[in-house]
Amino acid sequence: MINAIKYYKDAYNSTTIPNEKIIQLYMLAISEYYNNQIDTSKVHFNQVIKYYEKYFIKDRYNIAWVLYQYFQSEGNTIKAHQYLIDAYNNIPEDKREQYLQDENYHNHIYKYYDIHEIIQAYNQIVQ
């Protein structure tokens, strides 16, 4: 995990492309969080949240999904549910349709993993 932290920190510092920068930052935050570097991960998650709220982000649903997982693990279900709903609402229509129309999606779960998980979690909170 230490190698992941170093990798994402270096990647974050070396890119100037905004969408790439946010991806590296949320991966850094996750890596720190799972390595019990809670204080620095919270700082980085807060930066991700500010960026997320301010800018358009390609594949927004992926970042919302990570923020959902973070707030869920922190026990903040209100914020977690907000990000889960945002993740669900921002799944690109073509990806959602492809997933829903694939009768053998379980055999292709690697293609749909996040979408599958988002839809499953979303269905649990709306029932």
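Helix 18-34 and the long axis of the chain differ in direction by around 80°, with both axes built from C-alpha atoms.
The angle between the Cα long axis of helix 60-73 and the main principal axis of the chain comes to about 80°, on a 0 to 90 degree scale.
Taking the chain as a Gaussian network of alpha-carbon nodes connected by springs under 10 Å, the highest mean-square fluctuation of the residues HIS106, HIS44, HIS116 belongs to HIS106.
Among LEU25, LEU100, LEU84, sorting on how many other beta-carbon atoms sit within 10 Å of each Cβ, with the fewest leading, yields LEU100, LEU25, LEU84. Using the Karplus equation 6.51 cos²θ - 1.76 cosθ + 1.60 (θ = phi - 60°), what ³J(HN,Hα) coupling, rounded to whole Hz, does each residue of the stretch 120-127 give in order, writing x for Gly and Pro? Working through the residues one at a time gives 4, 5, 4, 4, 5, 8, 8, 7 Hz.
Potential lengthening of the chain between ILE2 and LYS111 amounts to 36.5 nm, from the contour at 0.36 nm per residue minus the alpha-carbon distance.
A simple spin-label model places pseudo-atoms 7 Å from Cα toward Cβ; at VAL43 and GLU74 they are separated by 1.5 nm. Between ILE57, ILE78, ILE17, the Gaussian network model of the chain with springs among Cα atoms under 10 angstrom shows the greatest mean-square fluctuation at ILE17. Shown here for the stretch 31-127: chymotrypsin sites (Phe, Trp or Tyr not before Pro) in loop regions (DSSP other than H, G, I, E, B) with at most 13 other Cβ atoms within 10 Å, namely TYR55, PHE56. Ellipticity at 222 nm from helices only: DSSP H runs of n ≥ 4 in the chain, each -39500 (n - 2.57), divided by the residue count, give -26000 deg cm²/dmol.
Placing a label point 7 Å from the Cα of TYR34 along the Cα-to-Cβ direction, the residues of the stretch 98-115 with a backbone N closer than 16 Å are 113-114.
Applying the Karplus relation 6.51 cos²θ - 1.76 cosθ + 1.60 with θ = phi - 60° to the stretch 39-51 yields 3J(HN,Hα) values of 4, 6, 5, 5, 4, 6, 5, 5, 5, 4, 4, 4, 5 Hz, where x marks Gly and Pro.
Of the trypsin sites (Lys or Arg not before Pro) found in the stretch 1-65, none is in coil by DSSP with at most 10 other Cβ atoms within 10 Å of its Cβ. Per-residue Karplus couplings for the stretch 101-115, computed as 6.51 cos²θ - 1.76 cosθ + 1.60 with θ equal to phi - 60°, are listed in order as 8, 7, 5, 10, 4, 4, 7, 10, 4, 4, 7, 10, 3, 4, 4 Hz, Gly and Pro entered as x.
The numbers here are math on the coordinates, done by the rules we state, and not lab data. Everything quoted here is computed from the prediction, not taken from an experiment. So basically every Cβ, Gly included, is an ideal-geometry build from the backbone, and we count neighbours across all protein chains shown.
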